[in-house]
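Inspection log for the structure reproduced underneath, given as structure tokens.
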């Protein structure tokens, strides 16, 4: 059985024929036809999550792991707006979501009907494509038109780069009637292949490469890629090349410079020219480090090429020369023989600098007492392998960069928009989709409490491990320049508090652990990660006054000669 609404019956049929399998549904009445159709479809895994904001992030985490579009569906009105944060994150992080919003019929919009807003194109600024289905399908011609519209919408979630697509679906009452004769459609591809790189662009890029003796490659956020890792490892061996990565780049090789903020913590004015590249090459999505953005904006490269399948002009460093519309791994591998070496000391300069900074970092950490920095050192050492590591905003993902990329982890973080919302919900969705692996999310206290509705979810799995670092507020505001000295810091920036996560964990059936010193933390971790049939939460308490002082001292020490 399925809903008697032909538009949603047709959508569900094409949905499965195009290889999609998962949908996250939030309860409502106007979306009853979607729930009835999708929840009892034999080839669709339907999941119920009450809070729409959390539900959308949960689906984002699922899509992140499945590497295909996951659908979300809600009722009409303000429920739709609750999807916005996750949709924006998916758009900028390039994660495929199919957003289905139930709506009132057009004649009931703006006439004072309940639970009604203007939903068409409501996500216009951060969506790849938006469309509305007709209220009814009455002719074969209308069916073919809707059939193509649905195929195009689903294809847009994955080509040329993944992202969210919105389908608004008006339904008239009655909403709960069913039929045993669903409407079926045809699935077909509505896109081709990426065209070859324009020859003039290719030659201009190669000219800049061959003329440059200081080439800097910066990898933004991306999923693990053996092919990209291999070609970058090769290029990092050339004397004129330095490859900068971050944890969220998911790239690993001894020659990569994977601790950007450590390396450029404090560069004397007379040494800036040594770091400044002649040619800058970028790919992937966002870069966490504000320091590298500040450095290269103030001291730009002569040429900057960005590589992107969609051809987006990502001018992060304000010196963009051009865009190569291609997959970075494919393009660099294809041009491998043309990416020749030049006589240069650029690579060895970065390598010497990395070794110097690494020794200072190790020495500093060896004498550091209990604080956030020490907590992260212990966690990254003790968290077991086979772990998907989800880093919350804002301090967790920044602290992680100080320890470099650790090969036992795959790193994830909501760095598309870098918002505080949805961190635990995203990790919960990833854990649900990747049950064979441990999924650990490290979040600050404010990020956890802000997304505490993530626990109001009957789909939480035992492989979800939540680590909350509770330092009594938004600790980043205690050490970044500006709010660190503002009179309003504690109340309006850091929002100091005395909240604890223990009762929340127990209310929603999570195993709860806590640690207030190094001995307790190391002692708790084995039981925290021991196999169990329930998810677990570990709350780590540190002293707010100590953390900012330690971090400032850390950057001062590693920045000295």
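The values are calculated or read from the model by the stated rules, or taken from the named source; none is laboratory data. What you see is a predicted model; the values in this text were computed from it and never measured. Because the Cβ atoms are built from the backbone with ideal geometry, glycine has one as well, and the counts that use them run over all protein chains shown.
Exactly one residue out of 63, 12, 88 is under 27 Å from residue 223 (Cα atoms) and touching a strand residue (DSSP E or B) at 6+ places or on another chain (Cβ under 8 Å): that is 63. Among the conditions (1) at pLDDT 95 or above; (2) farther than 23 Å from residue 259 by Cβ, the only one that residue 467 does not satisfy is (2).
Taken over region 414-446, the residue count meeting the criterion of being part of a helix (DSSP H, G or I) and within 15 Å of the chain's Cα centre (by Cα) is 9.
Scanning region 367-396 for residues that are more than 18 Å from residue 424 (Cβ to Cβ) and either in the same structural domain as residue 266 (by TED's automatic domain parsing) or in a loop (DSSP other than H, G, I, E, B) (or both) yields 367, 368, 369, 370, 371, 384, 385, 386. Only one of the listed residues (506, 514, 500) is part of a helix (DSSP H, G or I), at pLDDT 95 or above and touching a strand residue (DSSP E or B) at 6+ places or on another chain (Cβ under 9 Å). That residue is 506.
In the set 35, 44, 72, only one residue is in contact with a helix residue (DSSP H, G or I) (Cβ under 9 Å, 6 or more places away or on another chain) and surrounded by 24 or more Cβ atoms within 10 Å (Cβ to Cβ); that residue is 72. Of the helices (runs of 4 or more DSSP H) lying entirely inside region 49-153, the ones with 1 or more residues being more than 24 Å from residue 175 (Cβ to Cβ) and outside the structural domain of residue 461 (by TED's automatic domain parsing) are found at 52-66, 84-93. Selection of helices (runs of 4 or more DSSP H) fully inside region 156-270 by the criterion of at least 3 residues being modelled with pLDDT under 95 and within 16 Å of residue 305 (Cα to Cα) returns nothing.
Taking the criterion of being within 17 Å of residue 410 (Cβ to Cβ) and buried (at least 24 other Cβ atoms within 10 Å of the Cβ), the residues of region 434-465 that qualify are 439, 440, 441, 442, 464, 465. Given the condition closer than 28 Å to residue 434 by Cα and in a helix (DSSP H, G or I), answer yes or no: does some residue in region 529-547 qualify? Checking region 529-547: at least one residue is closer than 28 Å to residue 434 by Cα and in a helix (DSSP H, G or I).
The residue that is farthest from residue 173 (Cα to Cα), among those in region 28-48 that are touching a strand residue (DSSP E or B) at 6+ places or on another chain (Cβ under 7 Å) and assigned to a loop (DSSP other than H, G, I, E, B), is 44. Scanning region 271-289 for residues that are farther than 20 Å from residue 236 by Cβ and modelled with pLDDT under 95 turns up 271, 272, 273. Being part of a strand (DSSP E or B), touching a helix residue (DSSP H, G or I) at 6+ places or on another chain (Cβ under 6 Å) and closer than 30 Å to residue 240 by Cα holds for only one residue in 399, 411, and it is 411. Here is a list of conditions, (1) modelled with pLDDT of 95 or more; (2) in contact with a helix residue (DSSP H, G or I) (Cβ under 7 Å, 6 or more places away or on another chain), and residue 353 meets all of them except one; can you say which number that is? Just one mismatch for residue 353, condition (1). Against the criterion of being crowded, with 17+ Cβ neighbours inside 10 Å and free of Cβ contacts under 8 Å to residues at least 40 places away in the same chain, residue 536 does not qualify. Here residue 425 passes the criteria (1) crowded, with 21+ Cβ neighbours inside 10 Å; (2) farther than 14 Å from residue 87 by Cα except the one numbered (2).
Would you check if residue 551 is at pLDDT 80 or above, in contact with a strand residue (DSSP E or B) (Cβ under 9 Å, 6 or more places away or on another chain), within 24 Å of residue 381 (Cα to Cα) and buried (at least 18 other Cβ atoms within 10 Å of the Cβ)? So residue 551 fails the test.
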